[in-house]
């Protein structure tokens, strides 16, 4: 099943510091994945907050840019979009 959480965990979408969803460069590797990522791009992530931003920042900086990411901070959260 290809949902927003799966797209996020596999780093095809990211959550910006402002809490908006955007397609990641990795999404461009496949036309279907890019289409799925772009379908939810621009939406507000309902789980984004000052507290959860630590995890989203870690995800942007480590998962998106590293083949073997560092351990996630303890504030990991499920991703849901409005």
Condition first: within 18 Å of residue 63 (Cα to Cα) and in a loop (DSSP other than H, G, I, E, B). Now tell me which residues in segment 4-29 satisfy that. 10, 11, 12, 16, 17, 19, 24
Among 22, 38, 78, 18, which is the only one that is surrounded by fewer than 19 Cβ atoms within 10 Å (Cβ to Cβ), modelled with pLDDT of 80 or more and out of contact with any strand residue (DSSP E or B) (no Cβ under 6 Å at 6 or more places or on another chain)? 18
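The values are calculated or read from the model by the stated rules, or taken from the named source; none is laboratory data. Remember, it's a predicted structure, so these values are computed and weren't measured experimentally. Quick reminder, even Gly has a Cβ in these numbers, built from the backbone with ideal geometry, and neighbours come from all protein chains shown.
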